[in-house]
Amino acid sequence: MKKDSEKLEPKFVDPALRSMPGNGAAPAIGDDDAGNAHSASNASLKAPAAKAMPKRLAALAAGAVAASQTPTLAFHHSAVALRKTAWGWISHHERSLSAAGMIGGFGFDNYAFRRIDLPNTQAIFIAYLSLAALSMLILHLVMARAARGIDSPRWRGILPVVTQFALGGLWSAFLVFYTRSAVLTASWPFLAVLAAIFIANEIFKKYHSRLVFTAVLLFFALCSYAIVTVPILTRTIGPITFVASGLAALLVFALFLRLIAWLGPQQWRSTRWWIALGTLGVYAALNFFYFTGILPPLPIALADSGVYHAVAKTGDVYQAVGEAQSWTTRFGAAPVMHVAPGQPLTLYSAVFAPIKLSTRIVHRWMRYDARQGKWLTVSRLSFGITGGRDGGYRAYSITHHVAPGDWRVDIDTADGHIIGRVRFRVESVPQPPAPVAKTLS
């Protein structure tokens, strides 16, 4: 029979310890969850309960702290996983997001821009150009470091989106001002370039080809900005001003390429000739468009125009007399003017020009000769305009040589660049039509 001092202590299992996850303690003596009896040395079994209790309390406290930290750790792990997933999704959909960024730039500019010579408009232009150049330089630096074995940051995928948003904003701004002219043919080069941009965005997938692509687009943006800004600064338009604009764009682009070469010499050497070829192509195309009359002479634009039976200025207001037209004229159909014998027609135009810019404008009246199959000039009137008015410089010209048929009046600069065009058809009638009065803007 054993002595009292050798009696086994009763089995004790603290419920809190048994149910506490991750408390760091091994199963307690007497833990019979699996139905197994565990043996222990007599020395362990003789340990007083008083010594075991502080250990159990410490284990309880540690378990409580671990339990309180579990939500925080879970949130941290979830945030890390979400961040990785987000950057991975951006990288995977980089080209689609680039196109979306470009569309976003278009939407913003169509809402924001009013006049091209305002300081806030110029500030937006400069911000777009700076953002596009900076994002391209950072991406080039990241790719140069990756070529040396340095891991790329997860936010790298956002840089092409930023570049495309900035470039898209620039193109849309130019398109806004070009399409304010009434002549669709004046804007078709930019529409063609826009379509080419979206197609190329899907074609150029690799970094080197995308570097060439975005660099050439940046040069196109610089040229377009210089074309509309240098005339504002010099207060002149014409061939000399256009050439100066191109040279200014080439100078700024050369500085940008020097930075590209400094940040990543190896990547620059593999793309420099392609960038040079693209730059030369853009420069040649813009010069061809300008000197053949395809490119409108921005920053001048047609703000309003129309053909009427009479126009008169009363104080600071222009009043016109026209006639009722078909609803189809609202969708671009040429109006029909019913003219009695000896009755003249009047062409009204409001041409916007930046403040303090003075130049000459021409109204060229032309009638289509079906026998010769070409447009013949009937009359030509030239007059000077001064910029600065929101609604454009207003003027009108009159012709008395009105014959039935198809007519148009081209509104040109003195050197023959078209600003706008008004088409209409003339039909002879014995009596003048019922007049419709209109106040012109």
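Worth pointing out:
- Every test in (1) open to solvent by less than 60 Å² (accessible area, probe 1.4 Å); (2) free of Cβ contacts under 8 Å to residues at least 24 places away in the same chain; (3) among the aliphatic types (A, V, I, L, M) is passed by Leu137 save one, and that test is (2).
- Verdict on Ala123 being surrounded by fewer than 19 Cβ atoms within 10 Å (Cβ to Cβ), modelled with pLDDT of 75 or more, small (Gly, Ala, Ser) and farther than 16 Å from Leu298 by Cβ: yes
- Considering each residue of region 164-174 in turn, none proves to be of a type outside the set (A, V, I, L, M, F, W, C) and at positive phi.
- Comparison of Val282, Val228, Val212, Val216 shows that the only residue that is under 20 Å from the mean Cα position of the chain (by Cα) and modelled with pLDDT under 85 is Val212.
- Residue list for region 215-260, filter: over 29 Å from Ile385 (Cα atoms) and aromatic (Phe, Trp, Tyr): Phe219, Phe220, Phe253, Phe256
- Residues in region 334-352 that are outside any strand (DSSP E or B) and either modelled with pLDDT of 95 or more or at negative phi (or both) were compared, and the one that is most open to solvent (accessible area, probe 1.4 Å) is Pro341.
- Only strands (runs of 3 or more DSSP E) whose full extent lies in region 365-441 are considered here, and the ones with at least 3 residues that are surrounded by fewer than 19 Cβ atoms within 10 Å (Cβ to Cβ) and touching a residue at least 40 places away in the same chain (Cβ under 8 Å) are 418-428, 436-440.
- Residues that are among the aliphatic types (A, V, I, L, M) and without any contact (Cβ under 8 Å) to a residue 60 or more places away in the chain, drawn from region 286-317: Ala310, Ala312
- Number of residues in region 251-270 that are closer than 13 Å to Ala147 by Cβ and either in contact with a Phe, Trp or Tyr (Cβ under 9 Å, 6 or more places away or on another chain) or in a helix (DSSP H, G or I) (or both) equals 7.
- When we screen Ile240, Ile232 for residues that are aliphatic (A, V, I, L, M) and buried (at least 17 other Cβ atoms within 10 Å of the Cβ), the only hit is Ile232.
- Among the residues of region 228-240, the one identified as in a helix (DSSP H, G or I) and in contact with a Leu (Cβ under 6 Å, 6 or more places away or on another chain) is Val228.
One line per residue, one yes/no per condition, for (1) farther than 18 Å from Thr229 by Cα; (2) in contact with an Asp or Glu (Cβ under 9 Å, 6 or more places away or on another chain); (3) hydroxyl-bearing (Ser, Thr, Tyr):
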{"residue": "Tyr290", "(1), (2), (3)": "no, no, yes"}
{"residue": "Tyr308", "(1), (2), (3)": "yes, yes, yes"}
{"residue": "Val311", "(1), (2), (3)": "yes, no, no"}
{"residue": "Ala324", "(1), (2), (3)": "yes, no, no"}
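- Looking across region 307-333 at every residue that is among the hydrophobic types (A, V, I, L, M, F, W, C) and not in a strand (DSSP E or B), the one that is least open to solvent (accessible area, probe 1.4 Å) is identified as Ala333.
The values are calculated or read from the model by the stated rules, or taken from the named source; none is laboratory data. Note that this is a predicted model, so its numbers are computed, not measured. All Cβ positions, glycine included, derive from the backbone under ideal geometry; neighbour counts span all protein chains shown. These area figures cover heavy atoms from the full protein model, side chains too; ligands, DNA and RNA do not enter into them. Shrake-Rupley method; radii C 1.70, N 1.55, O 1.52, S 1.80 Å.
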